[in-house]
Amino acid sequence: MGIVAHAGNGHRWRDDAANYDRYASAAFQRSLAELRRLARSNSVPLLIEGESGTGKTIVARHIHSRSPRARASFHSVNVGSLDDSLSGSELFGHVTGAFTDARQTRAGHFASANGGTLFLDEIGKAGTGVQRKLLHVIESGEMRPVGSDRTVQVDVRVVAACNRPLGDLADEGLFLPDLYARLQVFRVKLPPLRERRADIPLLVGDAVEAHHRECGYVTRPDVAPELMDALKRAPWPHNLRELDATMHRILLDAEEAPILDLRHCMGCLGYLRALGGRPASFTDADMSDAVRRTGSVAKAARELGVDRGTIYRRRRQCSITDVAEADDR
């Protein structure tokens with residue numbers, strides 16, 4: 001999956017088979033092979049599990065675009081963001097007068113996705129009542145809009161996603177075991193970015209390609225080997241979303257420099273600077289500015305990704321008085 005543009009959820013990705021095939025990590029290729037196999041199914045529900053930021057929404061779109069339902073609509077809803085009192089109406093619709101503010105009949109997400117695919121993100125946060133209704137729709141293909149005494153037949157493939165193992169939630173009594181049993185038959189786990197380190201150079205390139213023009217660059221900048229090495233070794237606890245946001249920030253901080261390097265990580269992740277920071281990776285002016293801005297050699301060292309001794313050595317070599325006079329806190 002490759003980053004192509006900044007979107008409301010942090011990123012979106014190219015969705016073409018050739019682009020997916022570029023990525024070499026074994027973990028991702030295993031998931032990709034499973035996804036392509038499952039995409040051929042027309043109606044069986046699918047569960048996508050994976051940490052936050054691993055690209056579950058885009059995987060759901062990928063499955064839809066390669067399924068027999070590809071020409072029909074794809075609808076996405078974050079179940080975890082729905083108000084408990086209105087979630088039934090959002091998903092299944094309502095009729096006029098069903099509740100105080102129901103001034104007109106409304107089709108819910110299931111009706112809107114009829115014939116296509118409905119992606120239910122954060123399914124683990126759905127209330128028990130909604131879970132029971134979801135189970136009924138999946139098993140029978142029928143739903144009842146809020147306030148209606150008539151059932152409606154729908155033909156929708158449900159793709160659900162959760163950033164925690166849904167089986168654990170079921171074991172804890174937080175998710176209906178029967179609904180979990182229906183969803184987990186076809187299940188795919190997306191690998192976190194720390195298990196896809198071989199893919200990071202390509203993902204970084206995708207992010208730079210996606211964001212460099214909006215950041216004012218006429219031509220796409222290169223990434224210095226030292227910065228790429230740090231990016232490849234970073235822990236990335238928030239996965240692809242974090243990588244995309246980090247590269248966007250580096251591009252902004254670099255101010256149209258032809259080569260992105262560790263000097264341009266000032267506003268980014270502390271662990272990224274620390275992983276790649278070396279005495280030669282910042283200028284004397286950078287060092288002086290960091291000390292003046294933070295008021296502390298220790299804080300400046302953390303910002304530059306080096307230890308305090310490095311700054312003191314550079315001070316002695318260059319006779320930089322503002323560093324010598326800084327309060328070492």
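The values are calculated or read from the model by the stated rules, or taken from the named source; none is laboratory data. If you're wondering where the values come from, they're calculated on a predicted model, not measured in any experiment. Here the Cβ is made from the backbone with ideal geometry for all residues, glycine too, and neighbour counts use every protein chain on show. Side chains are part of the model used for accessible areas, which takes the heavy atoms of the whole protein and leaves out ligands, DNA and RNA. Shrake-Rupley method; radii C 1.70, N 1.55, O 1.52, S 1.80 Å.
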Q: Please calculate the 1.4 Å probe accessible area of GLU209, with all protein chains present, and give it to the nearest 10 Å².
A: 60
**Q.** Cα-derived Rg to Rh of the range 133-226, Kirkwood definition
**A.** 1.23
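Order 65-76, 211-222, 231-242 from most to least packed using the mean count of other Cβ atoms within 10 Å.
Listed from highest to lowest mean packing, they are 231-242, 65-76, 211-222.
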Q. Could the peptides 26-38, 194-206 be put in order, highest first, of the mean number of other beta-carbon atoms found within 10 Å of their residues?
A. 194-206, 26-38
Q: Under 12 Å from a label point 7 Å along Cα→Cβ of ASP168: give me every residue in the range 32-51 with its amide N that close.
A: 50-51
